[in-house]
1. Can you confirm whether the stretch 107-121 contains a residue that is of a type in the set (S, T, N, Q), open to solvent by 10 Å² or more (accessible area, probe 1.4 Å) and in contact with a strand residue (DSSP E or B) (Cβ under 9 Å, 6 or more places away or on another chain)?
2. Taking the options K54, K46, name whichever one is of a type in the set (D, E, K, R) and within 12 Å of ligand 2 (Cβ to nearest atom).
Amino acid sequence: MQTLVLIKPDGVKRNLVGEIIARCEQKGYTIADMKLVEPSRELLAKHYAEHEGKPFYEPLMEFMLSGPVVAIKLEGERVVEGFRSLAGATDPTVAAPGTIRGDLSRDWGTKVIQNLVHGSDSEETAKRELEIWF
Ligand code: DAT
Ligand code: MG
């Protein structure tokens, strides 16, 4: 099984790429493919189609366009579920300690939650998102 992991611009700017990848590898998942990308607005619109029209949509797009992101095709048994568990809750302030978001992020008082990583939320979403990014 494979999932899409994105290290968002905050993760790249804060030099947390190695730390985040280490957590994935330590858990036992394998990197099947990986690249540093500067995504276009069109690509992000496809990726975040489910959020179009929400109040945080435009700030989310601006944030994701603010610098390069690392796209990873991560592989392993039940990796979709497993990476969501490694990432922690969407809101980093309440994400459990031990998770990527809980340990390494916080609320920065911006209009959009800057929470370091994206992980596909289902097998079907993973398939769709991997086709967009790879
Ligand atoms: P997740 O990334 O945990 O799957 P999501 O798909 O609901 O969360 O939202 C996508 C991203 O949008 C999320 O990582 C951060 C941002 N976001 C979500 N809800 C938000 C909110 N209420 N206010 C600001 N940003 C939000
Ligand atoms: Mg999501």
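The values are calculated or read from the model by the stated rules, or taken from the named source; none is laboratory data. In this text, all values refer to a predicted model and were calculated from it rather than measured experimentally. Please note: Cβ atoms are built from the backbone with ideal geometry, for glycine as well, and neighbour counts cover all protein chains shown. The area values use the complete protein model at the heavy-atom level, side chains included, leaving out ligands, DNA and RNA. Shrake-Rupley method; radii C 1.70, N 1.55, O 1.52, S 1.80 Å.
1. So in the stretch 107-121, the residues of a type in the set (S, T, N, Q) come out as 110, 114-115, 120.
Add one more test, that the residue is open to solvent by 10 Å² or more (accessible area, probe 1.4 Å), and what stays is 110, 114.
Restricting the remaining residues to those that are in contact with a strand residue (DSSP E or B) (Cβ under 9 Å, 6 or more places away or on another chain) gives none.
No: the stretch 107-121 contains no residue that is of a type in the set (S, T, N, Q), open to solvent by 10 Å² or more (accessible area, probe 1.4 Å) and in contact with a strand residue (DSSP E or B) (Cβ under 9 Å, 6 or more places away or on another chain).
2. On the way: K46 fails: within 12 Å of ligand 2 (Cβ to nearest atom).
Result of the check over K54, K46: K54.
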